[in-house]
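Asker: Handing you a structure now.
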Amino acid sequence: MAGITAKQRSERERSGARRVLITGLSTYWGGRLAQALERFPEIEAIVGVDSEDPSRELERTEFVKVSNNHALLQRIVRAAAIDTVVDARLVVNSLTTSPREAHENNVIGTMNILAACAGSDSPVRRFVFKSSGLYYGCEQDDPGFFTEQMRRPHPPRTRIERDIVEAEATVTDYADKHPAVTVTILRCANVLGPDVDTAHTKMFALPLVPMVLGFDPRYQFVHEDDIVHALEHAALYEAPGVYNLAADGVLALSEIISLLGKRPAPLLPPIGTSLMAGPLRSLGVRVPDEMWNQLRFGRGLDNRLFKAEGFEYKYTTREAVLKLAEHQRLHPVLRGADRGYTYEAEVEEFLRRSPLVQRDRPDAESAGESEPFEI
Amino acid sequence: MGDRRTSLAPGTPAATAGDDELASGGELVRREAEMMPAIEPERTVNDWGRSERVEGVFDATVVEFFYRYWFRTEVEGIENIPDQGGALLVSNHAGALPPDGAMIARAIREEHPRSRPLYLTVEHFFKGYPGFSMLVPKIGCVAAHPANVHRLLYDEGELVLVFPEGRKGTEKLVKDRYRLRRFGRGGFVEAAMRAEAKIVPVCVIGAEEAAPVFAQSKLLQRMTGLLYFPITPTFPWLGPAGMLAYLPAKFKIRFLKPIDTAEMGADPASDKALVQSVSQEVRARIQENLHEMLGKRKSVWLG
């Protein structure tokens, strides 16, 4: 790298990330992040790994289908001289997979990815881990706002929470052993948005939103775009440490329901609430285990530390809820209009490698994508 | 780095502490205070779950009735409540389901020139109890967690009321009236010191006679899962409503001269001896004033 100019060097300092590996490319966050990073010309390589095909259309991200095997991952990391790894594959909703698979993914998977980045001769200089607010849990004697130094007052109650606490412990351990690597952990509050599918968006789609009788928990959300931008921010800028990611404003559940224009249905009994899981399921509502306590006690996160790092949220909790309300009203009109994307390895191969494909068409560049997001 | 750190003024004044490490720590916290979420005027419920609407209804009906007509509350020393900035109010506490907190909040709203809102700290127990869990935050109560008190005092600059006697005060029987219990472990002093807030001692008389507790039943407490099970003139005989059936004792509230913790040097909260002596001083002042007020009182009911 003899011929590096001063401009290039300053650019490199601004964005540490040049060669990024995204683990969990096929998850919602992995795909969105890859799409976002593709717009930065200074990022020269984006590699995504997952055990399933990508679910989003990507232009220049290289996809490698690989399971959580640390030896293979390590070969990819070294061969591609990856300097930044973004781990966006955490399972936070226990209904999406079996508990065993969630454990395999969250704990064993994290361990393997860290093993692939370990070693004194590893090219990795930055590791971003997307964690969850489930780390703190929801209990009666919680503080109103969790700050990053706080730990949960009681041991985890559900398997998924236990897995997340364990996964974070392995990441912190890695950070301690590799002082040269900048490790960023982002603990995200519950996500809300038109595109993402969570237990909460499902619940808010019902005409009557179930509540626990006699409880009105405090809820904080974060908009899906803000999470993507936060992952991007962590990949582009130096931000060592643990950060909460939650929008401004903690709303009462009743307030959220009225913003959505729905009606509250305080039908769940305050004692033995989780016994209602069966009857609710037969009504088409599935509530994951880790959500029961949140429906009673709620959770608030202190989001000031990441803001102090220079990150700006686009939406407050209230605005995120209003965005969802807008989407819910439009949904019947737009239904079916968005065509799904299916990954075809041969097509992608042709588009990227074939000499017949005309690249660098200026009109195609400017017409489609808007400006990269300014942080 | 460009302008991404514009929101952090480069010339943030460093904390006055001499030590370098402390100064940088102080600076970080100060910076965080600037990152507080903006207030959204469209909302009627704030981040603590406090609802203007519910509080307004509650205040205009139940609290108004008790404050003005039932307890005929008299207030002294309202000028000791600062006009702005965080202050920690420390009061004596008594009676089954004590009415003193609500009366102090009402007194400040009524008498203080800026009618500042007051946050009451309550046991975590309430958050787990259906019904209470919904109502209690809406009328301005927060769980008594040191982090909550710190955020309210330091970052939001609000008035916070604590009862350092806690459950020991409410469990107290009528024969021990106006004898202050132990003031916890001085946690309230530490909270005020860390937040550089003033401590305002508050004395309340009347609450002990309004809801006298003749006995505590351990057995019934265990059977009902309540915090404690008091036997009062009306409870449990009238059912849960008996908790609210107060006797019409005359209330007097006196706010004492504030103690400024900001003048106690750098990081006073780590000095355990100082914390304990401030805690004892607050306790002694309240006890002394209680004796004086009781000495002047001619009648429990007429004042």
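Read-outs: derived from the displayed coordinates by stated rules, not from any lab. All of these numbers come straight from a predicted model, not from anything done at the bench. Here the Cβ positions follow ideal geometry from the backbone for every residue, glycine too, while neighbour counts run over all protein chains shown.
Asker: Across all directions of projection, what mean area in square nanometres is found for the Cα convex hull of the range A:136-188?
Answerer: Numbers: hull surface 16.6 nm².
Spelled out: convex hull of the Cα atoms, projected over all directions, averaged, 4.2 nm².
Asker: Which value, in debye to the nearest 20, describes the size of the charge dipole of the protein assembly as shown about its Cα centre when Lys and Arg Cβ atoms bear +1, Asp and Glu Cβ atoms bear -1, and nothing else is charged? Can you show the working numbers first?
Answerer: Working: 84 positive and 93 negative charges, 542 e Å.
Dipole magnitude for the protein assembly as shown comes out near 2600 debye.
Asker: On C-alpha positions alone, give me the angle between the axis of helix B:100-111 and the longest principal axis of chain B, in degrees, nearest 10.
Answerer: 60
Asker: Defining a contact as two alpha carbons under 8 Å apart and six or more residues distant in sequence, what relative contact order in percent does the range A:20-160 show?
Answerer: On the way: 200 pairs, mean separation 33.0, N = 141.
The value is 23 percent.
Asker: Any chance you could list the semi-axes, whole Å, largest first, of the equivalent ellipsoid that the Cα gyration tensor gives for the range A:17-99, using √(5λ)? Kindly include the intermediate steps, with their values, before the conclusion.
Answerer: Numbers: eigenvalues 87, 50, 21 Å².
Each semi-axis is the square root of five times an eigenvalue, giving 21, 16, 10 Å.
Asker: Using a cut-off of 13 Å between alpha-carbon atoms, which aspartates and glutamates can reach B:Lys257, once sequence neighbours fewer than 8 places away in the same chain are excluded?
Answerer: B:Glu76, B:Glu79, B:Glu281
Asker: How long is the gain from B:Gln276 to B:Glu292 if the chain were fully straight, where each residue apart is worth 0.36 nm and the alpha carbon distance is subtracted? Please report the intermediate quantities before stating the final value.
Answerer: Values: separation 16, 0.36 × 16 = 5.76 nm, distance 2.43 nm.
Between B:Gln276 and B:Glu292, full extension yields an extra 3.3 nm.
Asker: Using only Cα atoms, locate the centre of the range A:291-323 and the centre of the range B:52-114, then give the distance between them in Å, rounded to an integer.
Answerer: Their Cα centres are 32 Å away from one another.
Asker: Hey, what number do you get for chain A at 222 nm if only DSSP H runs of n ≥ 4 count, each worth -39500 (n - 2.57), divided across all residues, to the nearest 500? Display every interim value, and only then the final one.
Answerer: Details: 15 runs with 139 residues, N = 375.
After summing the helix terms and dividing by residue count, I get -10500 deg cm²/dmol.
Asker: Summing -39500 (n - 2.57) over the DSSP H runs of n ≥ 4 in chain B and dividing by its residue number, what mean residue ellipticity at 222 nm do you reach, to the nearest 500 deg cm²/dmol?
Answerer: Values: 10 runs with 94 residues, N = 303.
The helix contribution divided over chain B gives -9000 deg cm²/dmol.
Asker: Something else now. If only Cα atoms are counted, what is the Rg of the range A:84-185, and what is its Dmax, in Å?
Answerer: For the range A:84-185, the Cα radius of gyration and maximum Cα-Cα distance read 14.3, 47 Å.
Asker: Name the residue, out of A:Leu186, A:Leu267, A:Leu73, whose mean-square fluctuation peaks in a Gaussian network model built on chain A with Cα pairs under 10 Å.
Answerer: Comparing A:Leu186, A:Leu267, A:Leu73 in the GNM, the peak value goes to A:Leu267.
Asker: Can I ask one more? Among the listed pairs B:Lys138/B:Lys168; A:Lys130/B:Lys198; A:Lys130/A:Lys314; A:Lys177/A:Lys307; B:Lys172/B:Lys252; A:Lys130/A:Lys262, give every one whose C-alpha distance is greater than 29 Å.
Answerer: Numbers: B:Lys138/B:Lys168 25 Å; A:Lys130/B:Lys198 41 Å; A:Lys130/A:Lys314 19 Å; A:Lys177/A:Lys307 27 Å; B:Lys172/B:Lys252 20 Å; A:Lys130/A:Lys262 32 Å.
As for pairs spanning more than 29 Å Cα to Cα, those are A:Lys130/B:Lys198; A:Lys130/A:Lys262.
Asker: Additional query: About its Cα centre, how strong a charge dipole does chain A have in debye, to the nearest 20, once Lys and Arg get +1 and Asp and Glu get -1 at the Cβ? Intermediate results must be reported in sequence, preceding the final value.
Answerer: On the way: 45 positive and 54 negative charges, 118 e Å.
Using Cβ point charges on Lys, Arg, Asp and Glu, chain A gives about 560 debye.
Asker: Using the Kirkwood formula over every pair of different C-alpha atoms, what hydrodynamic radius in Å results for the range B:32-142? Could you put the intermediate results ahead of the total?
Answerer: Working: mean 1/r = 0.0645 Å⁻¹.
Roughly 15.5 Å, rounded to one decimal.
Asker: Based on the alpha-carbon gyration tensor of the range A:235-308 and its eigenvalue square roots a ≥ b ≥ c, which shape applies: rounded if a/c is under 1.5, prolate if not and a/b is larger than b/c, or oblate? Write down the numbers at each step before the final one.
Answerer: Values: a/c = 2.76, a/b = 2.02, b/c = 1.37.
Cα axes put the range A:235-308 in the prolate bin.
Asker: A further question follows. Percent relative contact order of the range B:168-245, based on C-alpha pairs within less than 8 angstrom and at least six residues apart?
Answerer: Numbers: 62 pairs, mean separation 21.0, N = 78.
Once divided by the residue count of the range B:168-245, the mean separation gives 27 percent.
Asker: Over the Cα atoms of the range B:90-225, compute the convex hull volume and normalise it per residue, giving Å³.
Answerer: On the way: hull volume 16.4 nm³, N = 136.
Spread over its residues, the Cα hull of the range B:90-225 gives 120 Å³ apiece.
Asker: Could you give the nm distance between label points at A:Lys314 and B:Val57, where each point is 7 Å from its Cα heading toward the beta carbon?
Answerer: 3.8
Asker: A follow-up question, please. Given springs between every Cα pair under 10 Å in a Gaussian network model of chain A, which of A:Leu253, A:Leu330, A:Leu268 has the largest fluctuation?
Answerer: A:Leu330
Asker: When you look at the Cβ of every residue in B:130-140, what mean number of other chain Cβ atoms sits within 10 Å? Mind dumping the intermediate values first?
Answerer: Working: counts 9, 4, 2, 10, 11, 2, 0, 6, 3, 0, 0.
The per-residue average across the peptide is 4.
Asker: Take chain A, drop everything but the C-alpha atoms, weight them equally and run the Debye formula without solvent; then report log10 I(q)/I(0) at 0.09, 0.10 Å⁻¹ to two decimals.
Answerer: Listed by q, the Debye log ratios stand at -0.54, -0.67.
Asker: Taking only Cα atoms and a 10 Å spring cutoff, compute GNM fluctuations for chain A and point out the largest among A:Gly261, A:Gly48, A:Gly30.
Answerer: A:Gly261
Asker: Which value in Å is the Kirkwood Rh of the range A:186-288 over different Cα pairs?
Answerer: Numbers: mean 1/r = 0.0650 Å⁻¹.
Kirkwood radius, the range A:186-288: 15.4 Å.
Asker: Continuing with this model, one more query. Counting alpha carbon pairs within less than 8 Å and at least 6 residues apart, what relative contact order, in whole percent, applies to chain B?
Answerer: Working: 481 pairs, mean separation 65.2, N = 303.
Reported relative contact order: 22 percent.
Asker: Could you pull the Rg and Dmax for the protein assembly as shown, using just the Cα atoms, both in Å?
Answerer: That works out to 28.8, 103 Å for Rg and Dmax.
Asker: Right, another one. Does anyone have the angle between helix A:224-236 and the longest principal axis of chain A? Alpha-carbon axes, 0 to 90°, nearest 10?
Answerer: 40
Asker: Using +1 at the C-beta of Lys and Arg and -1 at the C-beta of Asp and Glu, which of B:Ala195, B:Leu274, A:Val92 has the Cα lying farthest in the positive direction of the dipole of the protein assembly as shown?
Answerer: B:Leu274
Asker: Using only Cα atoms, find the angle between the long axis of helix B:272-296 and the longest principal axis of chain B, and express it within 0 to 90 degrees, rounded to the nearest 10.
Answerer: Relative to chain B, helix B:272-296 is tipped by roughly 40 degrees.
Asker: Another question, if that's okay. Select from B:Leu180, B:Cys141, B:Leu118 the residue farthest towards the positive end of the dipole of the range B:111-202; place +1 on Cβ of Lys and Arg, -1 on Cβ of Asp and Glu, and compute about the Cα centre.
Answerer: B:Leu180
Asker: Here's something else I'd like to know. Between A:Ala45 and A:Asp173, 0.36 nm times their residue separation minus their Cα-Cα distance comes to what?
Answerer: Numbers: separation 128, 0.36 × 128 = 46.08 nm, distance 2.79 nm.
Result for the pair: 43.3 nm of gain on full extension.
Asker: Within 10 Å of each Cβ of A:235-247, how many other protein chain Cβ atoms are there on average? Can you show the working numbers first?
Answerer: Working: counts 0, 1, 4, 1, 0, 0, 0, 0, 0, 0, 0, 1, 1.
Counting Cβ atoms of other protein chains within 10 Å of each residue's Cβ and averaging gives 1.
Asker: What is the spin-label model distance, in nm, from B:Tyr228 to A:Val64 if the labels are put 7 Å beyond Cα along the C-beta direction?
Answerer: 6.6
Asker: Nearest-5 percent of antiparallel DSSP beta bridges in the protein assembly as shown? Kindly include the intermediate steps, with their values, before the conclusion.
Answerer: Numbers: 11 of 67 bridges.
Percentage antiparallel, nearest 5: 15.
Asker: Per-residue mean of other chain beta-carbon atoms within 10 angstrom of the beta-carbon, peptide A:137-145?
Answerer: Working: counts 0, 0, 3, 8, 8, 6, 9, 12, 7.
Mean partner-chain Cβ count within 10 Å for A:137-145: 6.
Asker: Within chain A, what percent of beta bridges assigned by DSSP are antiparallel, to the nearest 5? Please report the intermediate quantities before stating the final value.
Answerer: Numbers: 2 of 40 bridges.
If I count the DSSP bridges inside chain A, around 5 percent turn out antiparallel.
Asker: Would you list the P(r) distribution for the range B:222-303, with all Cα-Cα distances sorted into 5 Å bins from 0 and each bin expressed as a whole %?
Answerer: Calculated P(r), rounded to whole percents: 3, 11, 13, 12, 11, 13, 14, 12, 9, 3, 1.
Asker: Can you tell me the equivalent ellipsoid semi-axes for chain B? Use √(5λ) from the Cα gyration tensor, largest first, whole Å. Walk me through the numbers on the way to the answer.
Answerer: Numbers: eigenvalues 252, 99, 71 Å².
Each semi-axis is √(5λ); the values are 36, 22, 19 Å.
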